[in-house]
Number of protein chains: 2
Amino acid sequence: MANYSSLSREELQREYDALKVAYDSFAAQGLKLDMSRGKPGAEQIELSAPLLDALRAADDARSENGMDVRNSGLFDGLPEMRRLFGEIMGVDADRVILGNNSSLNLMFDAVCQGMVSGFGQAPWGQQGEIKFLCPVPGYDRHFAICEYFGITMIPVPMTQQGPAMEVVEKWVQDPLVKGIWCVPMYSNPQGYTYSDETVRRFAALKPAAKDFRIFWDNSYCLHHLKKDHARLANIFELCKQYDNEHLVFEFTSTSKISFPGAGIAAMAVGSYNYDLIKKRVMIQTIGPDKVNQLRHMRYFKDLDGINAHMEKMAEILRPRFDAVLQLLQHDLADTGTATWSDPQGGYFISVDVTEGCAKRVVELCKQAGVTLTGAGATFPYGNDPEDRNIRLAPTFPAIAELKQAMALFTVAVRLAALEKRLAQD
Amino acid sequence: MANYSSLSREELQREYDALKVAYDSFAAQGLKLDMSRGKPGAEQIELSAPLLDALRAADDARSENGMDVRNSGLFDGLPEMRRLFGEIMGVDADRVILGNNSSLNLMFDAVCQGMVSGFGQAPWGQQGEIKFLCPVPGYDRHFAICEYFGITMIPVPMTQQGPAMEVVEKWVQDPLVKGIWCVPMYSNPQGYTYSDETVRRFAALKPAAKDFRIFWDNSYCLHHLKKDHARLANIFELCKQYDNEHLVFEFTSTSKISFPGAGIAAMAVGSYNYDLIKKRVMIQTIGPDKVNQLRHMRYFKDLDGINAHMEKMAEILRPRFDAVLQLLQHDLADTGTATWSDPQGGYFISVDVTEGCAKRVVELCKQAGVTLTGAGATFPYGNDPEDRNIRLAPTFPAIAELKQAMALFTVAVRLAALEKRLAQD
């Protein structure tokens, strides 16, 4: 296969005709595959199944401080669970706020608190047209939160080292810029891990707004695909050097460690934010589900236990990521119709197709029975200005299905590029 | 014992001296008892313990529609759980929104949505000094939500039939009145159940504000103490007759059925509110904990299963309520120093002591080692204008301890009344 840019019109047409035949035969198979969300596959779920037996009726149901977790009280959750999340996020246990099953819920509620109560300043909702910075491509659910609250989103380009920091540093001089969404480790969708220098520059930010916050969504911090994995600098440590601890809300969860929707979510913050957030949470809830916390503690025991579990998880996921990357390489590398990320962890692979073709690729796949994440979903307002980026989620389908889906995908990428070229000439 | 109002000063002084000796002997015992919160006792928790074995690793983990509840998806929660809560609250399953472990959380988030997004009108937070009606005595956590959001609270007197409806009907003519807190069955703290006529008048309200909502906190709807128990009219059925379905947010949970903090909370609403609330919840969360839902379904099976469980719960609770009521009757009935409610269900007994004495009674108990709910907690801003109401929570202490605590309590009630009388004369 040659790079399409070097082909004549006749050669392009021949390539198109051949791919159209391949595409039609896919379409005739009646596929029904879903690669749209970062949903764990059946093998992953089975790996965590014994968690359900980790706290039985006959077991002692007390936390390490002697409280019966089945009763009310112990509003902050289990001390041992706070300590574990402290270790995961690199903060002391007393900086950890435990949630229920969804770190997204913690993020939404934090933004909501900014809107309605503010963070030491007037509520964001009373300050005019406030703005969040959104590294792109990024996570659609982050953008949806901003859209729900009417917060203007400003795209910031991603690099392999993280968001373009000179752009971030410039924007935070605007006092109406109140936040930025970051997935600092194995970013969604590219799988990049922010460099030490990027994290340092975040920690050193001097925003015009005193109530500016970095939403540090560290969902994938333990989700390595390779043994020799990336390391993320500890933003709280660095913040201390710049007297900037109040800048960061860090989030994580066990959603993709134990069970999505039945795991434990947590937030780490400096002491100033801790008091503000607790003031709200104490009114909002009766505390998180402590029974599920004890179940998790009994099963995983400690960070070593989680890491051992995540190594097994990586063995399930690695072949899936490899299958996708191999097909991308084999089918597309020479054609010049796409580039893609080679993630060392996380849940996604990001593909940039020919400019103006992402929507068409997703449509072609859909028509042949494979659902991808909607084109544009990785951009604020669903608007990818170059219509190039597509997020692939390789975790859910079985490998055989994944290969089918990817074979169709690479045909669609080439077809869309050829359609465009042939229409132009 | 005679009614104190008929005693001479000398007789009062003699009574005071005798009670002071009794009080000092209590104080010398070094009691350490807590009757402050509606916390289940150890026996109640043990009754629910088998729930922990109801969903094991080896069990089929699919909901009735075939979804693996351990994975993501099924955003609305289990259809069978929605149906069960629909039965409990008297609505169709498709009007039920399932939450996580806290109906308080659902209430807070609903108020918050009113403040920041509104209900079909401008956000409450942009409408000036909005107000909520608060039947008193009432639930301190409801009042705390209003206080958090800066919502002005207006007390409305309670009667044995529910809130004084002529007061409610008058206040809702004010377009800034946006809500009312109701615990319609076994009200907190009196244990009253709203009469059919009260529920009808709620359903027939014509508030000036289109975004007025009734917060119908039906936490105790299955928490009967007697076999021949109270019945609460179905407010949604009545609302339909008045084309008023949008008026009601109903809440309930299994917090005091299974485990506090590890149960299932739910909300029932009409279709208009359903769409508004879902619009927010879909952005806010990844859906509720479905594993815990399936665990509850496997254990309780259906409403009959829950009712059978609650009959056993009543057998644990009845002797506690009886012990409290007997001591109140025996020690206080003749003295004229207190009146109290005789609840048919729920978690509390409400005592009205001599005017101006509630704070003193709580203080006397505290000094002798028994913690009660703070005086005033049952009123907005902690301000009981007559300083009379005290909420007793008989569920947590063992019966022997409960009797000790109550013996002290009735001494304190009489002492406080005598102190006041003797100081006046």
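Bear in mind that the values in this text are calculations on the coordinates, not laboratory data. Remember, predicted model here, so these are calculated numbers, not experimental data. Here the Cβ is made from the backbone with ideal geometry for all residues, glycine too, and neighbour counts use every protein chain on show.
Laid out as a table, the results:
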read-out	value
Principal-axis tilt of helix B:140-149 within chain B, Cα atoms, nearest 10 degrees	60 degrees
Per-residue HN-Hα couplings for the range B:356-363 [Karplus 6.51, -1.76, 1.60; θ = phi - 60°; Hz; x = Gly/Pro]	x, 10, 4, 4, 5, 4, 5, 5
Charge dipole (the protein assembly as shown, unit charges on Cβ, about Cα centre) - positive-most of B:L55, A:V370, B:G128	B:G128
Choice from A:Q126, A:Q173, A:Q284 with maximal GNM fluctuation in chain A (Cα, 10 Å cutoff)	A:Q284
log₁₀ of I(q)/I(0) at q = 0.11, 0.12, 0.13, 0.14 Å⁻¹ - the range A:61-301, Debye sum with one point per alpha carbon	-0.55, -0.65, -0.77, -0.89
GNM result for chain A, Cα springs below 10 Å: residue of A:R280, A:R200, A:R37 fluctuating most strongly	A:R280
Net +/- balance of residues flanking B:K20 in space, Cβ distance below 13 Å, scoring K and R +1, D and E -1	-2
Overall form of the protein assembly as shown per C-alpha gyration tensor (a/c, 1.5; a/b vs b/c)	prolate
Label point 7 Å beyond Cα along the C-beta direction, distances from B:A2 to other copies (nm, shortest first)	12.0
For B:V248, residues with placed amide H under 5 Å, excluding near neighbours	B:I214, B:G270
For the range B:61-301, size of Cβ-based charge dipole, Lys and Arg +1, Asp and Glu -1, in debye	480 debye
Helix B:271-284 axis, angle to chain B major axis (alpha carbon atoms, nearest 10°)	90 degrees
³J(HN,Hα), Karplus 6.51/-1.76/1.60, whole Hz, each residue of the range A:158-170, x for Gly, Pro	8, 10, 5, 9, x, x, 5, 5, 5, 6, 4, 4, 6
Gain upon complete extension [B:E147, B:K210; 0.36 nm per residue less C-alpha separation]	20.4 nm
Magnitude of the charge dipole, chain B, Cβ model with Lys/Arg +1 and Asp/Glu -1, debye to 20	580 debye
Ranking of B:S195, A:S48 by count of other Cβ atoms within 10 Å, fewest first	B:S195, A:S48
Whole-angstrom gap from the range B:352-376 to the range B:184-247, using each part's C-alpha centre	31 Å
Proximal lysines to B:K178, defined as alpha-carbon separation beneath 20 angstrom and excluding residues fewer than eight positions away on the same chain	B:K131, B:K170, B:K206, B:K210
Within chain A, helix-based [θ] at 222 nm, where runs of 4 or more DSSP H residues each add -39,500 (n - 2.57), nearest 500	-13000 deg cm²/dmol
Inter-copy label distances at A:H229 (7 Å, Cα→Cβ; nm, one decimal)	4.9
Amide H within-cut-off set for B:L33, under 5 Å, with H built and near neighbours excluded	B:V370, B:T371
Principal semi-axes in Å for chain A [√(5λ), Cα gyration tensor, largest first]	40, 27, 17
A:C134, B:C182, A:C221 arranged by Cβ crowding within 10 Å, fewest neighbours leading	A:C221, A:C134, B:C182
Cα-Cα separations in the range A:266-363 greater than 18 Å, expressed as whole percent	70 percent
Sequence of B:R298, B:R213, A:R14 once ranked by neighbouring C-beta atoms within 10 Å, starting from the fewest	A:R14, B:R298, B:R213
Principal-axis tilt of helix A:290-300 within chain A, Cα atoms, nearest 10 degrees	70 degrees
Other-chain or far-sequence residues with amide H under 5 Å of A:G118's (modelled H)	A:W124
Distances in nm from A:I316 to the matching label points in the other copies, shortest first (labels 7 Å along Cα to Cβ)	3.6
Anisotropy class of the range A:7-60 from Cα gyration tensor, a/c 1.5 cut	prolate
Student exercise, the protein assembly as shown dipole from Lys, Arg, Asp, Glu Cβ charges, in Debye to nearest 20	100 debye
Cα gyration tensor category, rounded, prolate or oblate, for the range A:345-385 with a/c compared to 1.5	oblate
Too-long pairs where the Cα-Cα distance tops 32 Å, listed order kept, from A:K240/B:K256; A:K256/B:K39; A:K290/B:K312; A:K279/B:K39; B:K226/B:K420	A:K240/B:K256; A:K256/B:K39; B:K226/B:K420
Mean-position separation - Cα centroids, the range A:256-279 and the range B:256-328, in angstrom	24 Å
Computed Kirkwood radius, in angstrom, where 1/r is averaged over Cα pairs of the range A:223-293	14.7 Å
³J(HN,Hα), Karplus 6.51/-1.76/1.60, whole Hz, each residue of the range A:89-103, x for Gly, Pro	9, x, 9, 5, 4, 6, 9, 9, 10, 8, x, 8, 9, 8, 5
